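Participant: Below: one structure in structure tokens.
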Amino acid sequence: MPDVIAYGGDWNPEQWPEETWRQDVALMREAGVNQVSLGIFSWSLLEPAKGVFDFGWLDRAMDLLAANGIRAGLATPTASPPPWFAASYPEALPVDADGRRLHHGSRQGFCPSSPIYRDRALRIAERVATRYAGHPALALWHVHNEYGCHNARCYCDTSAGAFRAWLRARYSSLDELNDAWGTAFWSQRYGEWTQILPPRATPSFTNPGQQLDFRRFSSDALVELYTAERDLLRSVTPDVPVTTNLMAGAHWDMDCWAFAAEVDVVSTDHYLIGARAEPHIDLAFAADYARSLNGGRPWLLMEHSTSAVNWQPRNLAKAPGELRRNSLQHLARGADAIMFFQWRASRAGAEKWHSAMLPHAGPDTKIFREVKALGAELAGLDGVPGSRVTAEVAILLDHASVWAQDHPAQPSSELDPVEEAKRWHAALWRAGITCDLAHPEGDLSGYRLVLVPMLYLVSDAGAAGLADFTRAGGVTLVGPYSGIVDEHDRVRLGGYPGAWRELLGVSVEEFFPLEGPIALESGGTGTVWSELAHVTGAKVLDAYATGEPAWTRHEQGGGAAHYLTTRLDDAALARVLAAVCAEAGVRPAATAPPGVEVVRRAHPDGRAFLFAINHTGADAEMTTPDGARVAVPAGDVLILPELPGGAGGGGTH
């Protein structure tokens, strides 16, 4: 929706009698809702029996939206095949690694490689597309829903055949595959393609290369399902953008970079994890990841919650003001749509205890009053939509590396690459530094500083990209257990970190996982991990008490490459990141006390906005880049238009 922030949520009129629909739409207008997601889980109602269709109810819902000026992100309902599908095609149901066939009764009950599922999914998608092409309510195609959330990998015979076909396309011969997977180990060498299976349950560890390629194949299978539906929709409605809601930063079974390359605009879902001490920092990571997936362009927050969810051990309700603060934090980091799951809280079903914009108790509630206030505020934010967040720092992140390190036969089970990336991102957040996420093979030239918290696997192209960035004048900080293996999960020989030994001027001969903390000369500590390293050109900036290097710096071309041989404690990590940020010339958007987040969105013509978000329970004061001191009340959000020359103006709160 150009020049307007999309605001609304999933509307499921099929769950309610039609006399409720007009009340829904009247309350939507009262709340400032201008867009809803529609039809996501409606396959069994649109096609109640195989080949029997009923679109009357959806026609009336779409017409009602159009009559009230509300647009629809209309879904293809393919995320949840109906009961007749499972009864007619049991061979299309998913199978887990233990060989159990999973039955109908929840959602995503299909094998991603099933040609039967693909055929039936495209048939219902085509019916929806042709029926609503040109409808005045249609704003966006919402394909499927949260691909791979519950069926990311299927181990059935159909998937086995599709996996072998995928491998034949990837490898020119069985000899090449055997070399890539190292099948000489444990007598695993394949003599025929038909001998290859998915990594089903085995007596011991599965082959790491096989497991990694099966994760790649499984992600690609989901991308192919999406692109098949997308191409069909484009053939019918070429001017309507197409997307699917990812779960960036929370769900790691699909390659979000691969999906992002195929959507017209990145959309994502995000839910707070109550067990996290500072869930708003996790929110910032997910939002930054979504923006990065969209190449820095504005993205769509397709789902988040007004209050509690229903799927955590303890589903915490949001405190007064938290709904607004969460929503505007996503907006600050580049979202141009603020959408919720869902509009009206369900009366029955597995998500009946999930909060909604309109709670079970009705409109005279804390939640609905906050929903109305947020809608009015978003409608008044002229100039914010279309603006971008620009970051000078990037963290390298690759799903293939996460998958490879997920193999159980690792030097330490305590190394978690995702949590380490989030920990480095959190340290930057606390320092007021906005950060992108970047693929190792992406363009790094726009950054001043590139961070590699823990990138176990990297291709030759990714290794060269970081080296080129550094030698061209950039500053790099590489964390431990990075650059260790190639794209097939084969060790890079000659000393660790094999991909970047020359760049870093360091050679590691052995890993020493830790049972407890280890002291550093600087006063900090290393935790979980340490390495026996030798400098081959680098300068030692910090060392273990025994003298071996813990932090090094190596000048390369016009830049510098730093390396850590241990997982630093939080305070020590913050000091190192502050040093490399200063070296790279990276500064925060404003000066703010702890717990106050400041992010800048700007247009190419110079119009800009500072978002100041106080996540604490105490009033605070920030200083804008031009030296103005601005009070940020406890728990509040200010949106400050920048005056010409970069000065902050008046805000909304």
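The values are calculated or read from the model by the stated rules, or taken from the named source; none is laboratory data. These numbers come from a predicted model, not from an experiment. Positions of Cβ are backbone-derived with ideal geometry, glycine not excepted, and every protein chain shown enters the neighbour counts. Just so you know, the surface numbers come from the protein's heavy atoms only, side chains and all, with ligands and any DNA or RNA stripped out. Shrake-Rupley method; radii C 1.70, N 1.55, O 1.52, S 1.80 Å.
Participant: Can you tell me which of (1) surrounded by 14 or more Cβ atoms within 10 Å (Cβ to Cβ); (2) over 21 Å from Glu351 (Cα atoms); (3) within 18 Å of the chain's Cα centre (by Cα); (4) charged (D, E, K, R) is the one Arg324 doesn't meet?
Facilitator: Failing condition for Arg324: (3).
Participant: Which of the residues belonging to the stretch 285-306 are under 11 Å from Val265 (Cα atoms), touching an Asp or Glu at 6+ places or on another chain (Cβ under 8 Å) and part of a helix (DSSP H, G or I)?
Facilitator: Arg291
Participant: Out of everything in the stretch 250-274 that is of a type in the set (Gly, Ala, Ser) and either farther than 12 Å from Ala290 by Cβ or open to solvent by 20 Å² or more (accessible area, probe 1.4 Å) (or both), what residue ends up being modelled with the lowest pLDDT? Reasoning before the result, please.
Facilitator: Applying the first criterion (of a type in the set (Gly, Ala, Ser)) to the stretch 250-274 yields 250, 258, 260-261, 267, 274.
In the following step, the residues that additionally are either farther than 12 Å from Ala290 by Cβ or open to solvent by 20 Å² or more (accessible area, probe 1.4 Å) (or both) were identified as 250, 258, 261, 274.
Numbers: Ala250: 91, Ala258: 98, Ala261: 98, Gly274: 82.
Only one residue tops the list, namely Gly274.
Participant: Being closer than 19 Å to Glu146 by Cα and in contact with a Gly (Cβ under 7 Å, 6 or more places away or on another chain) is the filter; apply it to the stretch 288-312 and report the residue that is most open to solvent (accessible area, probe 1.4 Å).
Facilitator: It comes out as Gln312.
Participant: A follow-up question, please. Would you be able to say whether some residue in the stretch 35-46 is free of Cβ contacts under 8 Å to residues at least 24 places away in the same chain and not in a loop (DSSP other than H, G, I, E, B)?
Facilitator: Taking the stretch 35-46 as the starting set, the residues that turn out to be free of Cβ contacts under 8 Å to residues at least 24 places away in the same chain are none.
Within the stretch 35-46, not a single residue is free of Cβ contacts under 8 Å to residues at least 24 places away in the same chain and not in a loop (DSSP other than H, G, I, E, B).
Participant: Keeping to the stretch 538-596, report how many residues are open to solvent by less than 20 Å² (accessible area, probe 1.4 Å), in contact with a Leu (Cβ under 9 Å, 6 or more places away or on another chain) and either among the charged types (D, E, K, R) or part of a strand (DSSP E or B) (or both).
Facilitator: Qualifying residue count, the stretch 538-596: 11.
Participant: Is it the case that the stretch 256-276 has a residue that's on the phi > 0 side of the Ramachandran plot and either over 18 Å from the mean Cα position of the chain (by Cα) or of a type outside the set (A, V, I, L, M) (or both)? It would help to see each step written out before you state the result.
Facilitator: Let us first name the residues in the stretch 256-276 that are on the phi > 0 side of the Ramachandran plot, namely none.
No: zero hits.
Participant: Restricting attention to the stretch 184-226, which residues are touching an Asp or Glu at 6+ places or on another chain (Cβ under 8 Å), of a type in the set (A, V, I, L, M, F, W, C) and either outside any loop (DSSP other than H, G, I, E, B) or buried (at least 19 other Cβ atoms within 10 Å of the Cβ) (or both)?
Facilitator: Matches in the stretch 184-226: Leu212, Val223.
Participant: Within the stretch 476-506, which residues are outside any loop (DSSP other than H, G, I, E, B) and open to solvent by less than 10 Å² (accessible area, probe 1.4 Å)?
Facilitator: Residues satisfying the conditions are Thr476, Leu477, Val478, Val485, Trp500, Leu503, Leu504, Val506.
Participant: Further question: Within the stretch 52-61, how many residues are within 16 Å of Ala129 (Cα to Cα) and either outside any helix (DSSP H, G or I) or among the polar types (S, T, N, Q) (or both)?
Facilitator: The qualifying residues number 3.
Participant: In the set Ala169, Ala180, Ala184, which member is hydrophobic (A, V, I, L, M, F, W, C) and within 18 Å of Pro112 (Cβ to Cβ)?
Facilitator: Numbers: Ala180 fails: within 18 Å of Pro112 (Cβ to Cβ); Ala184 fails: within 18 Å of Pro112 (Cβ to Cβ).
Only one candidate qualifies: Ala169.
Participant: Now a separate question. Identify the single condition in (1) assigned to a loop (DSSP other than H, G, I, E, B); (2) open to solvent by 70 Å² or more (accessible area, probe 1.4 Å); (3) charged (D, E, K, R) that Glu510 does not satisfy, given that it satisfies every other one.
Facilitator: The single condition Glu510 does not satisfy is (1).
Participant: Pull up the stretch 236-249, narrow it to residues that are over 15 Å from Ser292 (Cβ atoms) and free of Cβ contacts under 8 Å to residues at least 60 places away in the same chain, then point me to the one that is least open to solvent (accessible area, probe 1.4 Å).
Facilitator: Pro238
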